[in-house]
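K.L.:
Quick one: the structure is below, questions incoming.
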Amino acid sequence: MTQILPFTLPGDSAMMQQDFLFGVATASFQIEGDIRHRLPCIWDTFCATPGKIADGSDGKVACDHVNRWREDVGLIDSLGVDAYRLSISWGRVLHKDGSVNREGMDFYKALLDELTLRNIKVFVTLYHWDLPQHLEDKGGWLNRDTALAFAQYTRAVVQALGERVYAYSTLNEPFCSAFLGYEAGVHAPGQQSRKAGRAAAHHLLLAHGLAMAEIRRFAPHAKAGIVLNFSPAYAFGDNEADRKAARLAHEYHNLWYLMPLMEGRYPDIIDALEPEKKPPVLPGDMDIIQTAMDYLGINYYTRNVYQAGGDLGFEDVRVCNVPRTAMDWEICPGAFTDLLKDLSRSFKLPPIYITENGAAEDDVPLNGEVHDPMRLDYLQSHLLAVHRAIEDGVDVKGYFAWSLMDNFEWAEGYRKRFGLVYVDYDTQERTLKSSAKAYQGMLAHRRALSQK
């Protein structure tokens, strides 16, 4: 049996204190399966469209979590984590007419009660990309009414789950929903239009602000915030043209979602858009969007590199001879530290949780074990990257590894594995990978230190 050393952090690190939360994360569509008891969503439709999913798969079974949730909670507990981040399936808890689907809501109540019984704090994401298809049929996130529907959905969930939940996040990665889904078209619902992408982004942010009011009203003691993904923008060449390109890309892909939340405005690159492609901002929208938050969730995987070009002044460059994950994403922990420090200097941020961080690897079981050396190195280096940011004054309160287990990886299907736990999709057997054991070992060591 392979001996796995725990991840390590300096003994005096703030991350080794008991009030720093370590967790794992999942999302409903990626793990739940059991589509008979929920409404169809945009990802069901996308999966059924030939050529959209790399391996032609879908989320009909996924990790069968709806039927295996008790086993999965035991798995989470065995890791020794403090918290678990999950998402609610909109179409599982509400019927088409907006009334509550009691069976679906009871599933989440039972799940949360079991987590609470095991002293695992629950972080709930209200929207992780699975918009009910009947709302997409009415325009989806291009329709302002979807933001109002999201507020009503939020009210129903928060009234039902209340303060079983330690922290609510309204949205996960609105960049992916808006840009990948409506502008680039590589995610559901697959539209390809800059006008659509910018409109969707605005209505998502509006939905966030409206939902914040519902969380404050019905769960006043729970934390409330949002989760944004960031890919720091670096210049390809040491010249002003490429440095400007990186700044523009940062505004368009990163600050477009953060600046309205913090400053009530879109970044200056909005002026480069043709009038008909600018977001449909109505009076009062930015006041709603700028609602004060208890925390900001930050997801980080990789950086991007840019050079001058393209119709907005920037274009991607693929850097050669650098380490990469199975997603072909550059491994760059230093950019993680830089990102956290830069955002904290540039904005008056609430406390930060790292809500996703992880790597895809081509994992292969061998003699009942799954050794994932690249992921071990990735997670160790990125834990240290967060530590360095905290040492430099960034207020980070927790870290969630993505993901608890292998799952449906959106447009990649089941080809890419991000889990700490290996899932055999034929048998649904779960196996702790070396990275899970290293995480488990670090948390056991932290507990031992606290008892001295």
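The values are calculated or read from the model by the stated rules, or taken from the named source; none is laboratory data. Note that the coordinates shown come from a computational prediction; the quantities given were computed from them, not determined experimentally. Ideal geometry is used to build each Cβ from the backbone, glycine not excepted, and the neighbour counts take in all protein chains shown. These accessible areas exclude ligands, DNA and RNA; they are computed on the full protein's heavy atoms, side chains included. Shrake-Rupley method; radii C 1.70, N 1.55, O 1.52, S 1.80 Å.
K.L.:
Accessible area per residue, 1.4 Å probe, Å², for the chain: what's the number?
P.N.:
Numbers: 17680 Å² over 452 residues.
Per-residue value: 39 Å².
K.L.:
Can I ask one more? With only Lys, Arg, Asp and Glu charged, each at its Cβ (+1 for the first two, -1 for the last two), find how big the charge dipole of the stretch 339-378 is about the Cα centre; round to the nearest 20 debye.
P.N.:
Details: 4 positive and 8 negative charges, 117 e Å.
Around 560 debye, computed over the stretch 339-378.
K.L.:
Would you work out the charge dipole size for the chain about its Cα centre, treating the Cβ of every Lys and Arg as +1 and the Cβ of every Asp and Glu as -1, and quote it to the nearest 20 debye?
P.N.:
Details: 47 positive and 60 negative charges, 190 e Å.
Roughly 920 debye for the chain.
K.L.:
Report, ordered by chain and residue number, the lysines lying within cross-link reach of LYS223, taken as a straight Cα distance under 22 Å and ignoring same-chain residues fewer than 8 apart.
P.N.:
Within reach: LYS109, LYS121, LYS348, LYS397.
K.L.:
Next up: So how do MET405, MET262 rank on accessible area, 1.4 Å probe, biggest first, that is with the largest at the start? Each step should come with its number before you reach the end.
P.N.:
Working: MET405 0, MET262 40 Å².
Result of the area sort, largest leading: MET262, MET405.
K.L.:
How big is the gap, in Å, between the Cα center of the stretch 136-187 and the Cα center of the stretch 346-389?
P.N.:
26 Å
K.L.:
Then there's this: So how strong a dipole does the stretch 291-388 carry about its Cα centre when Lys and Arg Cβ are +1 and Asp and Glu Cβ are -1, to the nearest 20 debye? Walk me through the numbers on the way to the answer.
P.N.:
Working: 8 positive and 15 negative charges, 113 e Å.
About 540 debye.
K.L.:
Sticking with this structure for a sec: Please state the equivalent ellipsoid semi-axes for the stretch 381-452: what are the square roots of 5 times the Cα gyration tensor eigenvalues, largest first, in whole Å?
P.N.:
Details: eigenvalues 168, 64, 13 Å².
Square roots of five times the eigenvalues give 29, 18, 8 Å.
K.L.:
Okay, next question. Compare LYS195, LYS437 by solvent-accessible area with a 1.4 Å probe and give them largest first, with all protein chains kept in place.
P.N.:
Of LYS195, LYS437, the descending order of accessible area is LYS195, LYS437.
K.L.:
Can you list, bin by bin at 5 Å, the percent of alpha carbon pairs in the stretch 1-109, starting at 0?
P.N.:
2, 9, 16, 17, 14, 13, 11, 7, 7, 3, 1
K.L.:
Mind checking which of GLY104, LEU340, GLY181 is farthest towards the positive end of the chain's charge dipole, using Cβ charges of +1 (Lys, Arg) and -1 (Asp, Glu) about the Cα centre?
P.N.:
The listed residue farthest towards the positive side: GLY104.
K.L.:
In the chain, what percent of the accessible surface is made up of carbon and sulfur (1.4 Å probe, ligands and nucleic acids excluded)? Before the final figure, lay out the partial values.
P.N.:
Numbers: 8690 of 17680 Å².
Within the chain, the accessible surface is 49 percent carbon and sulfur.
K.L.:
Compute the Rg/Rh shape ratio of the stretch 118-252: radius of gyration over Kirkwood radius, all on alpha-carbon atoms.
P.N.:
On the way: Rg = 17.2 Å, Rh = 16.1 Å.
Value, to two decimals: 1.06.
K.L.:
So if I take the centroid of the Cα atoms in the stretch 402-435 and the same for the stretch 201-234, what is the distance between those two points in Å?
P.N.:
Value for the Cα centre distance between the two parts: 28 Å.
K.L.:
Given the options GLY413, GLN307, HIS445, identify the residue whose Cα lies farthest towards the positive end of the charge dipole of the stretch 304-452 (+1 on Cβ of Lys, Arg; -1 on Cβ of Asp, Glu).
P.N.:
HIS445
K.L.:
Ordering ARG318, ARG38 from largest to smallest accessible area (1.4 angstrom probe), what's the sequence? Mind showing how you got there, number by number?
P.N.:
Numbers: ARG318 135, ARG38 30 Å².
Result, largest first: ARG318, ARG38.
K.L.:
Collect residues whose amide H, placed 1.01 Å from N in the peptide plane, falls under 5 Å from the amide H of MET327; neighbours closer than 5 in sequence don't count.
P.N.:
Those qualifying (amide H under 5 Å, at least 5 residues apart or on another chain) are ALA360.
K.L.:
Using a 1.4 Å probe on the protein heavy atoms only, what accessible surface does MET327 show? Give it in Å² to the nearest 10.
P.N.:
Surface accessible to solvent at MET327 totals approximately 40 Å².
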